[in-house]
């Protein structure tokens, strides 16, 4: 009997649509900010720009974000009136940062790119689905589906993150003991970048650890 995994009310969207929505919100903010900055108080301008971008986001979010129930078994993925047979998948890739991204390439050459970004979706259910999909594919020995590693798993990215972290720490310490202090905005951008880079690495490491534990427990079953 096939084991069916069900995931209800999954919020997701096409990756290209998610990027378009985020970039559009940034553009709306920038346009209002640079038009009004010479006319009004900077704090007031920032508030108006942010509110305008938020209103734009709320008014269009429903056109970009889909909500569906996902079903996963040993043969297929079923969601939103779409069915993807596992045997038709050539390879796939998952990334877990500010939510999750799922990229699938079928043997026919067609690509399916889904994402659930924490800025526009409730991501937890889609993240659980992506983790379950990895475990399910790993458990099916008769399928030859390759998981493409994400950038966060490469040694080059790991070493780059370490070097960037060291440079950031040295720059921060230098600013403390020198007359030229680091601006608060610059420090904030550096911390945001570091947190994003390390979150991607640690999230993938945690997921791989869970998969190894699951694999070992399955092998120990009689």
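Springs between alpha-carbon atoms under 10 Å, Gaussian network over the chain: tell me which of 34, 160, 64 tops the mean-square fluctuations.
Comparing 34, 160, 64 in the GNM, the peak value goes to 34.
Under 1.5 on a/c is rounded, so check that first for the chain, then, if it is not, pick prolate when a/b is larger than b/c and oblate when it is not; a ≥ b ≥ c are the square roots of the alpha carbon gyration tensor eigenvalues. Numbers along the way, then the final one.
Values: a/c = 2.92, a/b = 1.51, b/c = 1.93.
Note, shape of the chain comes out oblate.
Once you have a ≥ b ≥ c as the square roots of the Cα gyration tensor eigenvalues for the stretch 1-71, tell me rounded if a/c is under 1.5, and otherwise prolate or oblate according to whether a/b is larger than b/c. It would help to have the intermediate numbers written out before the result.
Numbers: a/c = 4.93, a/b = 3.72, b/c = 1.32.
Prolate, since a/c reaches 1.5 and a/b exceeds b/c.
Taking the chain as a Gaussian network, Cα atoms linked when under 10 Å apart, which of 113, 203, 41 shows the biggest mean-square fluctuation?
For the chain, modelled as a Gaussian network with Cα springs under 10 Å, the answer is 41.
Counting helices only, and only those DSSP H runs with n ≥ 4, report the 222 nm mean residue ellipticity of the chain as the sum of -39,500 (n - 2.57) divided by its residues, in deg cm²/dmol to the nearest 500.
Numbers: 5 runs with 119 residues, N = 222.
For the chain, the value works out to -19000 deg cm²/dmol.
For the stretch 51-80 and the stretch 113-144, what is the centre-to-centre distance using only Cα atoms, to the nearest Å?
Centre-to-centre (Cα) distance: 15 Å.
Running a GNM on the chain with Cα contacts under 10 Å, which residue among 89, 35, 124 ends up with the highest mean-square fluctuation?
Between 89, 35, 124, it is 35 that shows the largest mean-square fluctuation.
Tally the DSSP beta bridges in the chain and give the antiparallel ones as a percent, rounded to 5.
Working: 28 of 30 bridges.
If we restrict to bridges inside the chain, about 95 percent are antiparallel.
Between the stretch 147-174 and the stretch 14-33, how many Å separate their Cα centres?
27 Å
Between residue 24 and residue 110, what FRET efficiency follows from the Cβ-Cβ distance if R0 is 22 Å, with the result rounded to 0.05? Don't jump to the answer; show the numbers that get you there.
On the way: r = 27 Å, r/R0 = 1.21.
My answer for the efficiency is 0.25.
Test of understanding: what is the full-extension gain from residue 145 to residue 168, defined as 0.36 nm times their sequence separation minus their Cα-Cα distance? Let's see the in-between values first.
Numbers: separation 23, 0.36 × 23 = 8.28 nm, distance 3.96 nm.
Full extension from residue 145 to residue 168 adds 4.3 nm.
Subtracting the Cα-Cα distance from 0.36 nm times the residue separation, let me have the gained length for residue 51 to residue 157 in nm, one decimal.
Details: separation 106, 0.36 × 106 = 38.16 nm, distance 3.60 nm.
Full extension from residue 51 to residue 157 adds 34.6 nm.
Work out the FRET efficiency for residue 179 and residue 41 from their Cβ-Cβ distance, taking R0 = 30 Å, and round it to the nearest 0.05. Show your work: numbers first, answer last.
On the way: r = 30 Å, r/R0 = 1.00.
Taking R0 as 30 Å, the efficiency between residue 179 and residue 41 is 0.50.
Rank these for me by crowding, 145, 120, going from fewest to most other beta carbons within 10 Å. Can you show the working numbers first?
Details: 145 15, 120 22.
By the 10 Å Cβ count, ascending, the order reads 145, 120.
Every read-out reported here was derived from the displayed coordinates using simple, explicitly stated rules and does not represent laboratory data. All values reported here derive from a predicted model rather than from experimental measurement. Counting neighbours? That spans all protein chains shown, and the Cβs are built from the backbone with ideal geometry, glycine included.
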